[in-house]
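Participant: Supplied in structure tokens, the structure appears directly below.
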Amino acid sequence: MGREELKQAKDELQDINELLDKSDILPEVPGRILDILITVLSVFLALFHVYTGLTGLKEFYVQRGVHLFLVMVIATLILIREADKRYKIFGYLVLLFSVIVPFVYFYGDFSYFQVRLWGVGFRQSDIITGIILTIACFVLAQRSVGWVMPVITAISIIYLFIGPYCPGILQHGGYSLKFVTELCSWSEIGIFSTPLGVAASYLYLFILFGCLIEHMGTGNTLVEIAKCIAGRSKGGPAKIAVVSSALMGSISGSPVANVLTTGAFTIPFMKKLGFEPEYAGAVEAVASTGGMILPPVMGVLAFAMVDYAGIPYSKIILSALIPALMYYIAAYFTVHLHSLKLNMQPMDKSEITPFRQIIHENWLTILPVFILAVPLCMGYTPLVTVSWATISLIPISYLGPKERRLSPTQLIKCFVKSARNVRIITLPCAVAGIISGALSVTGVGVRLSSILLEVANGNLAVLLLLVAVITIVMGCGLPSLLAYIIQLPVTIPAMISMGVPIIGAHLFVVYFATLAFITPPVGMSLYAAAGLANSSFMKTGWQAIKIGAAGFMAPFVFVFCPSLLLLEFNFGILIDCAFAIISVFVLSAAVEGYWVKNMNFALRIILFLCSIGLFATSRSIGIVSLAVVVCVYVYLKRNMKSVSKFLNIQ
């Protein structure tokens, strides 16, 4: 009987939806008007950020509040524009009203919120508007990134209420509706906390910069340069994917955008020369993902480290340099060995434009890279650097061909595209602040950190393995920034307490949060690459893990060998760098199963163990491992000569 009633209720709801869709009760919002509103707000958002970037950020609630309000309104208007049913339009209009009302209320009585102390004078109207704002953020975040993030946020909010009934270390005193609403909405540790601050300060401007240089043709030029560097060797297109994605990713900082930009050229080219579709997609996914850890930009994670770790940006990019190079060297080695194994041919010389010609014809498109990178390396703040770099692109573009100029029309298109892109990060960042606030006020983060230390039992390797697994699992369901933020009170303090340098602990988590992009079953870079390659997602994911295997080892290397973080300079750093590069090459050979010739399983195991021994804290173990590697090479070389001699006799 219950099932029949449920079925009847569903049928009635469907009938109501169809009636609403066919009736004239709900208005059909003209698309042209919506487009104009989205464009106007996108232009205002861009001008606001460029202005505050040049003159200095506004106070806490102004900078973050204006950014969040504009992004939420734009996101809602886009939903209305894309809605295909009138009842959906009605729901989104209600959502738009729910976005506007709290902010009008907030800024209408702004002086009160400026002077109000935590927990003092929180009125009934503050609670109502705070609940409305929280729900609106929740809904828009779900529309942007799916259900994982909102569900975790909902669990965090519920946890604040049910603390007294939770067992063991999860238990806390519990909080009232007034306290929870204040924490989530109008406080400095909820929606308006540091995650939103990152999006409202650095992030938008870098996204805008990326859209502008994409129109100027910088991505195409970097691909042409990569052809010159790697196209003449065996398996050229695969190596071009690694090099071009490294060049583009170092300034874009977006793995998925990097895949779509460079992969549109490299993946079809790899397939054309004989690479399997799964392997072609995996190479591009691995190479593009590394852009988030490659200086000078490194994506949003580096900016978050500036705020959370309190480390200057110049030191972050310096410490991240060698680990990022290890990642790309490992990917390049793996692709090289795979190409030798399959006897892949290089590109035809006629398809490679001479380097001098590329620079002569496209020097304007490369200039933005130096305008951004040089000041960052000199120690200027990311905000000032990207602001002036963005402004400088407009006059520079007029020195080039007409189709690449940043005319007013093209600027507006870039502003709209930037607004669409930033909503995917801003809205999850807003609700991530609630999760961070819940962990902070309940103290559960500190207690979970203590549990990790107990499980590790003083063994740093065990702790690092636990942190790596936790980070990848979180990164599979959350954007990398949020996977990093959630662990700030949990895993990073545990690593620091066991002697890991502060920057090393943060980079370890950042590294594995990034690697989640190429880890099935949710790796976003894999989805993009598999789509371009027309390949199986899981097969592409498995190939990506093999190609990036040495990259997964790099974080352990710089934790056990902190000199690779360039915290200080001495002669020993050169030796450590040499051992690190050899270790990732040896691991690449072990995973690929090829070095000089195909290797049996026993030799692959030996090389795998040697790759671990090469970065051991004991130098003697490293030297012994190196000696074994040399012996394996000599054995393979002699064996190869014997086979060749036998074939010649035959």
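The values are calculated or read from the model by the stated rules, or taken from the named source; none is laboratory data. Not measured: the values here are computed from a predicted model. Cβ placement follows ideal geometry from the backbone for every residue including glycine, while neighbour counts extend to all protein chains displayed. Remember, those area values only see protein heavy atoms, side chains included, never the ligands or the DNA or RNA. Shrake-Rupley method; radii C 1.70, N 1.55, O 1.52, S 1.80 Å.
Participant: Looking at Ser233, Ala580, Ser98, which one has the Cα that reaches farthest to the positive end of the dipole of the chain (charges on Cβ: Lys, Arg +1; Asp, Glu -1)?
Facilitator: Positive-most Cα among the choices belongs to Ser233.
Participant: Next question. Show me, for region 449-459, the HN-Hα J-couplings you get by feeding each phi into the Karplus relation (A = 6.51, B = -1.76, C = 1.60, θ = phi - 60°), rounded to Hz, glycine and proline as x.
Facilitator: 4, 5, 5, 4, 5, 5, 5, 5, 6, x, 9
Participant: Oh, and also: Set the Förster distance to 56 Å, then compute FRET efficiency between Glu276 and Glu59 from the Cβ-Cβ distance, nearest 0.05.
Facilitator: Values: r = 55 Å, r/R0 = 0.98.
Approximately 0.50, to the nearest 0.05.
Participant: At a 1.4 Å probe, what is the % contribution of carbon and sulfur to the accessible area of the chain?
Facilitator: Heavy-atom surface of the chain belonging to carbon and sulfur, 1.4 Å probe: 67 percent.
Participant: Given H placed on each backbone N at 1.01 Å, which residues far from Tyr594 in sequence or on other chains put an amide H within less than 5 Å of it?
Facilitator: Those qualifying (amide H under 5 Å, at least 5 residues apart or on another chain) are Met599.
Participant: Next up: Considering only Ile311, Ala330, Leu367, whose Cα is most displaced toward the positive end of the charge dipole of region 303-390, charges sitting on Cβ of Lys, Arg (+1) and Asp, Glu (-1)?
Facilitator: Ala330
Participant: Just to confirm my numbers, what's the Cα centroid distance between region 559-582 and region 434-480 in Å?
Facilitator: Their Cα centres are 27 Å away from one another.
Participant: Could you give the angle, 0 to 90 degrees to the nearest 10, between helix 300-309's Cα long axis and the longest principal axis of the Cα atoms of the chain?
Facilitator: Roughly 80 degrees, rounded to the nearest 10.
Participant: What does the charge dipole of region 520-641 about its Cα centre add up to, to the nearest 20 debye, if the Cβ of each Lys and Arg holds +1 and the Cβ of each Asp and Glu holds -1? The partial results should precede the final answer.
Facilitator: Working: 8 positive and 3 negative charges, 115 e Å.
Computed charge dipole of region 520-641: roughly 560 debye.
Participant: Output needed: percent of Cα pairs per 5 Å distance bin for region 128-192, bins running from 0 to the one holding the longest distance.
Facilitator: 3, 17, 24, 24, 18, 10, 3, 0
Participant: Enumerate the whole-percent occupancy of each 5 Å bin, from 0 to the last occupied one, for all C-alpha pair distances of region 499-631.
Facilitator: Percent of pairs per bin, in order: 2, 10, 17, 17, 17, 15, 12, 7, 2, 0.
Participant: Also: Could you give the dipole magnitude of the chain about its Cα centre, charging the beta-carbon of Lys and Arg +1 and that of Asp and Glu -1, in debye to the nearest 20?
Facilitator: 1860
Participant: Report Rg (one decimal) and Dmax (nearest whole number) for region 582-636, counting Cα atoms only, units Å.
Facilitator: Final numbers for Rg and Dmax: 10.3, 31 Å.
Participant: Within region 196-222, whose backbone N sits under 18 Å from a point 7 Å along Cα→Cβ of Phe113?
Facilitator: 196-201
Participant: Also, quick follow-up: Select from region 533-628 those trypsin sites (Lys or Arg not before Pro) which occupy a DSSP coil region and have at most 10 other Cβ atoms within 10 Å, ordered by residue number.
Facilitator: Qualifying residues, ordered by number: none.
Participant: Can you find, among Val467, Phe48, Gly197, the residue farthest towards the positive end of the dipole of the chain? Put +1 on the C-beta of Lys and Arg, -1 on that of Asp and Glu.
Facilitator: Val467
Participant: Right, another one. For a Förster distance of 22 Å, can you work out the FRET efficiency between the beta-carbons of Ile605 and Val630, rounded to the nearest 0.05?
Facilitator: On the way: r = 17 Å, r/R0 = 0.79.
In this case the efficiency is close to 0.80.
Participant: Still on this structure: Over all Cα pairs of the chain, how is the pair count split among 10 Å bins, expressed in % and running from 0 up to the last occupied bin?
Facilitator: The percentages, shortest bin first, are 3, 14, 23, 25, 18, 10, 4, 1, 0, 0.
Participant: Return the distance in nm (one decimal) between the two label points of a simple spin-label model at Gln345 and Leu466, each offset 7 Å from Cα along Cα→Cβ.
Facilitator: The modelled label-to-label distance comes out at 5.5 nm.
Participant: Going through the cross-link list Lys271/Lys539; Lys85/Lys178; Lys227/Lys637; Lys272/Lys597; Lys234/Lys402, which pairs have a Cα-Cα distance over 27 Å in this structure?
Facilitator: Listed pairs above 27 Å: Lys85/Lys178; Lys227/Lys637; Lys234/Lys402.
Participant: If I stretch the segment between Val446 and Ile394 completely, what's the gain in nm (0.36 nm per residue apart, minus their alpha carbon distance), one decimal?
Facilitator: 13.9 nm
Participant: Follow-up question, since we're still on this one. Cα-Cα pairs above 26 Å in region 122-262: how many percent?
Facilitator: Every Cα pair in region 122-262 considered, those over 26 Å come to 50 percent.
Participant: Return the sequence-ordered ³J(HN,Hα) values of region 329-339 in whole Hz as given by the Karplus equation 6.51 cos²θ - 1.76 cosθ + 1.60 applied to θ = phi - 60°, using x for Gly and Pro.
Facilitator: Values per residue, Gly and Pro as x: 5, 4, 4, 5, 4, 4, 5, 4, 5, 5, 5 Hz.
Participant: A further question follows. So what's the gap between the Cα centers of region 154-216 and region 517-536, to the nearest angstrom?
Facilitator: 29
Participant: Want the number for Val43 to Lys178: 0.36 nm per residue separation, take away the alpha-carbon distance, what's left?
Facilitator: So the chain would gain 44.9 nm between Val43 and Lys178.
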